[in-house]
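First comes the structure, then the notes that go with it.
The values are calculated or read from the model by the stated rules, or taken from the named source; none is laboratory data. Quick caveat, the model's predicted, so the values are computed rather than measured. Here the Cβ positions follow ideal geometry from the backbone for every residue, glycine too, while neighbour counts run over all protein chains shown.
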Amino acid sequence: MRRRSLLLTVPAGLVTLAACGNDNAGTSKASETASPSPTAPATSAAPPPKIVSGPLPAITAGTKFGQKPTVAKGTGEPSKDLALKTVIAGGGRSVAENDYVQAHYLGQIWDSGKVFDNSYDRKAPLIIQLSQGSIIDGWRYALAGKKVGSRLLFSVPPTWGYGAQGNAQAGIKGTDTLVFVVDVQNTFNATSSAKGKAVPQNKADLPKVGTNTDGKAPSIAVPKAAAPKNLVSEYVIEGSGPVVKADQTVLVQYKGVLWDGGKEFDSTYQKKTLASFSLQQVVKGWAQGMTGKKVGSRILIVIPPALGYGDNPPPNSGIQKDSTMVFTVDILAAM
């Protein structure tokens, strides 16, 4: 099993962040409460579906990428296969299995046309990993290989949706075929990095962080000086995205070292997977240090003990009591 993240404020012995189908990240607030539709059922072991072109209902309004669509009710019998149409072909990077996908979507039931969920009204796209156990298989097979900037229309029969058990929370029966419109906004993987302008690092009493954007872990050079008593949060690379809010979920690359000795204790780069979590679920230094920073940025966060783990660090973490922690964090997305 992969080593898990050490960011959550919890009692000793419970140091991991529960993931949406993986073991490295925090459960997204949106996927936990407001967006139940694409979340995977407990088991997901169906063979790959045959992908066909139809039948599919028409999009009757909101036809542009990023607009909330209106979709006609399905007529006749839906396909027993995965019916898929690329309504708008994007020109960005291709989505791959195990990527984290950022997308707006609407889902409704074929027979009734009832919309059971959509992200457009929330004005917050979904960020979820395209992997077995994280998301229903219909999404995995429909999105894989598609390009950022694409709008997809597809129908998902129960076999690649919620199976015979359905999804009572969303009002989906075990016999319901689902119809989705998905606008693929972005895709991220273990090689994703910050994008922006490097900011001068002129403070001799603060760590220096590497500015490489090749997906490899940046260096952290901790000075031979006393650790700061207060939280430090500084741009290393300043992105151009929206600022992160205190109640959002973020998708990040990060590496953490101790101020004393510079020893690395946690890193997404080593695990070769990204981390996604709510800022309301992490240690105070992380939440405060990331709030107000721009998406797309790399930041240096220095967390004093009072805003980290204090005298109660996670067991077997390599973090000693009253340790000051130093992080480099690439903020890839926020929702």
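Take the conditions (1) more than 22 Å from Gln248 (Cα to Cα); (2) at pLDDT 65 or above; (3) surrounded by 13 or more Cβ atoms within 10 Å (Cβ to Cβ); (4) hydroxyl-bearing (Ser, Thr, Tyr); Thr39 misses just one of them, which is (1). With respect to being small (Gly, Ala, Ser), at pLDDT below 95 and either surrounded by fewer than 23 Cβ atoms within 10 Å (Cβ to Cβ) or assigned by TED's automatic domain parsing to the domain that holds Phe65 (or both), Gly133 fits the description. Residues in the stretch 222-233 that are of a type outside the set (Lys, Arg) and either surrounded by fewer than 13 Cβ atoms within 10 Å (Cβ to Cβ) or more than 24 Å from Thr273 (Cα to Cα) (or both): Val222, Pro223, Ala225, Ala226, Ala227, Pro228, Asn230, Leu231, Val232. Anything in the stretch 64-91 that is in contact with a strand residue (DSSP E or B) (Cβ under 7 Å, 6 or more places away or on another chain) and β-branched (Val, Ile, Thr)? List them, or say none. Thr70, Val71, Thr86, Val87, Ile88, listed by residue number.
In this entry, Ser240 passes the filter for residues that are small (Gly, Ala, Ser), out of contact with any Pro (no Cβ under 6 Å at 6 or more places or on another chain), loosely packed, with under 15 Cβ neighbours inside 10 Å and in a loop (DSSP other than H, G, I, E, B). Determine if the stretch 152-175 includes at least one residue that is assigned by TED's automatic domain parsing to the domain that holds His104, hydrophobic (A, V, I, L, M, F, W, C) and under 30 Å from Pro242 (Cα atoms). Within the stretch 152-175 (the criterion being assigned by TED's automatic domain parsing to the domain that holds His104, hydrophobic (A, V, I, L, M, F, W, C) and under 30 Å from Pro242 (Cα atoms)), the answer is yes, since at least one residue qualifies. Filtering Ala61, Ala89, Ala96, Ala124 for residues that are surrounded by 15 or more Cβ atoms within 10 Å (Cβ to Cβ) and either small (Gly, Ala, Ser) or at pLDDT 95 or above (or both) leaves a single hit, Ala124. For the stretch 195-209, the tally of residues that are assigned to a loop (DSSP other than H, G, I, E, B) and either among the basic types (Lys, Arg) or touching a residue at least 24 places away in the same chain (Cβ under 8 Å) (or both) stands at 7. Taking the conditions exactly as written (surrounded by fewer than 22 Cβ atoms within 10 Å (Cβ to Cβ), outside the structural domain of Gln67 (by TED's automatic domain parsing) and out of contact with any Lys or Arg (no Cβ under 6 Å at 6 or more places or on another chain)), does Pro218 satisfy them or not? For Pro218, the condition - surrounded by fewer than 22 Cβ atoms within 10 Å (Cβ to Cβ), outside the structural domain of Gln67 (by TED's automatic domain parsing) and out of contact with any Lys or Arg (no Cβ under 6 Å at 6 or more places or on another chain) - is not met. Which one is surrounded by the most Cβ atoms within 10 Å (Cβ to Cβ) among residues in the stretch 300-316 that are among the aliphatic types (A, V, I, L, M) and in contact with a helix residue (DSSP H, G or I) (Cβ under 7 Å, 6 or more places away or on another chain)? The residue in question is Ile303. Restricted to the stretch 54-169, the set of strands (runs of 3 or more DSSP E) holding at least 3 residues that are in contact (Cβ under 8 Å) with a residue 24 or more places away in the chain comprises 82-88, 100-109, 115-118, 126-129, 151-156.
Among the conditions (1) over 23 Å from the mean Cα position of the chain (by Cα); (2) charged (D, E, K, R); (3) surrounded by 15 or more Cβ atoms within 10 Å (Cβ to Cβ), Lys263 misses just one, which is (3). Candidates in the stretch 146-166 are the residues that are out of contact with any Asp or Glu (no Cβ under 9 Å at 6 or more places or on another chain) and more than 21 Å from Glu77 (Cα to Cα); of these, the one that is surrounded by the fewest Cβ atoms within 10 Å (Cβ to Cβ) is Lys147. What about Ala190, is it in a loop (DSSP other than H, G, I, E, B), over 30 Å from Asp121 (Cβ atoms), among the hydrophobic types (A, V, I, L, M, F, W, C) and more than 19 Å from the chain's Cα centre (by Cα)? Against the criterion (in a loop (DSSP other than H, G, I, E, B), over 30 Å from Asp121 (Cβ atoms), among the hydrophobic types (A, V, I, L, M, F, W, C) and more than 19 Å from the chain's Cα centre (by Cα)), Ala190 does not qualify.
When the stretch 196-215 is filtered for residues that are among the charged types (D, E, K, R) and surrounded by 15 or more Cβ atoms within 10 Å (Cβ to Cβ), only Lys208 remains.
Within the stretch 243-260, restricting attention to residues that are touching a strand residue (DSSP E or B) at 6+ places or on another chain (Cβ under 9 Å) and not hydrophobic (A, V, I, L, M, F, W, C), the residue that is surrounded by the fewest Cβ atoms within 10 Å (Cβ to Cβ) is Asp247.
For Val282, indicate whether it is among the aliphatic types (A, V, I, L, M), closer than 17 Å to Ala333 by Cα and either in contact with a His (Cβ under 6 Å, 6 or more places away or on another chain) or not assigned by TED's automatic domain parsing to the domain that holds Asn316 (or both).
Answer is no for this residue.
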